[in-house]
1. Please go through segment 89-100 and pick out each residue that is surrounded by fewer than 23 Cβ atoms within 10 Å (Cβ to Cβ) and either touching a Ser or Thr at 6+ places or on another chain (Cβ under 8 Å) or more than 18 Å from ILE165 (Cα to Cα) (or both).
2. If you take the residues in segment 13-38 that are of a type in the set (A, V, I, L, M) and surrounded by fewer than 18 Cβ atoms within 10 Å (Cβ to Cβ), which one is nearest to VAL154 (Cα to Cα)?
3. Assigned to a helix (DSSP H, G or I), within 12 Å of the chain's Cα centre (by Cα) and closer than 16 Å to GLY149 by Cβ, is that true of LEU16?
4. Within the bounds of segment 132-140, is there any residue that is modelled with pLDDT under 95, over 30 Å from ALA10 (Cα atoms) and crowded, with 20+ Cβ neighbours inside 10 Å?
5. What pairs come out if I take residues in segment 77-89 that are in a helix (DSSP H, G or I) and pair them with residues that are hydroxyl-bearing (Ser, Thr, Tyr) whose C-beta lies under 7 Å away, six or more apart or interchain?
6. Can you report the number of residues in segment 26-58 which are within 25 Å of ILE8 (Cα to Cα) and either in contact (Cβ under 8 Å) with a residue 40 or more places away in the chain or within 14 Å of the chain's Cα centre (by Cα) (or both)?
7. Of the conditions (1) closer than 30 Å to LEU51 by Cα; (2) in a loop (DSSP other than H, G, I, E, B), TYR102 clears all except one; give me its number.
8. Picking from TYR102, TYR148, which residue would you name as being of a type in the set (Ser, Thr, Tyr) and at pLDDT below 95?
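The values are calculated or read from the model by the stated rules, or taken from the named source; none is laboratory data. No experiment lies behind these values; they were computed from the predicted model shown. In this analysis, Cβ positions are derived from the backbone assuming ideal geometry, glycine residues included, and neighbour counts consider all displayed protein chains.
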Amino acid sequence: MSVSLQLILALAFPALVIVAALRDCTTFTIPNWISLALLGTFPVAATAVGLPLSSMGLALLLGFGGLLAGMAMFAAGWIGGGDAKMFAAAMPWLGLAGLGQYLMVTALAGGALAMFLLFMRSGRMSPILGHGPSWLSRLATRGENVPYGMAIAVGALAAFPSSDIAQRVLVTF
């Protein structure tokens, strides 16, 4: 397979993760099509870069584990359903090589996001935010949900360069 096609397929992951983060930030939802696209493009990209079937199977198993963890976090009320699905759909792309960094950076980014939203929702920003787009005002509204998809995206993007897929694409350059 050509290097250009491998690169295009590998870039599907960051593109979809960024779209998910932006959608979550502006609408507080992550559409199912994004998680499905992440899952659907993974085997194509993995095959294109020559990832062994055993590695693909392990990566999909990690995704299933991520889905179980995401469902538990959703059941506890910590994250939304779209966040749980995105969290799980990103895991196969990152594989075992990126898993630790993904979990750590996502947790840290989630903490930073929570602190930022607490500041925004403290009322100090109201005069400034009143002149912005409606989604920004909603983001600063007390009691509103936390768009945790943003933290998941930061963790996924930070871990992606460590993934087997990204490493295999980088080696070809």
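1. Keep residues of segment 89-100 that are surrounded by fewer than 23 Cβ atoms within 10 Å (Cβ to Cβ), which gives 96-97, 99-100.
Passing the criteria: only ALA97.
2. ILE18
3. Considered against the rule, which asks whether it is assigned to a helix (DSSP H, G or I), within 12 Å of the chain's Cα centre (by Cα) and closer than 16 Å to GLY149 by Cβ, LEU16 comes out as yes.
4. Scanning segment 132-140 turns up at least one residue that is modelled with pLDDT under 95, over 30 Å from ALA10 (Cα atoms) and crowded, with 20+ Cβ neighbours inside 10 Å.
5. Correct list of pairs: GLY82/THR29; ASP83/TYR148; LYS85/SER35; MET86/SER35; ALA89/SER35.
6. Step one: filter segment 26-58 for residues within 25 Å of ILE8 (Cα to Cα), giving 30-58.
Filter once more, so that each one left must be either in contact (Cβ under 8 Å) with a residue 40 or more places away in the chain or within 14 Å of the chain's Cα centre (by Cα) (or both): 30-39, 42, 45-46, 48-51, 55.
Number of matching residues: 18.
7. All conditions are met except number (2).
8. Sole residue among the options that is of a type in the set (Ser, Thr, Tyr) and at pLDDT below 95: TYR148.
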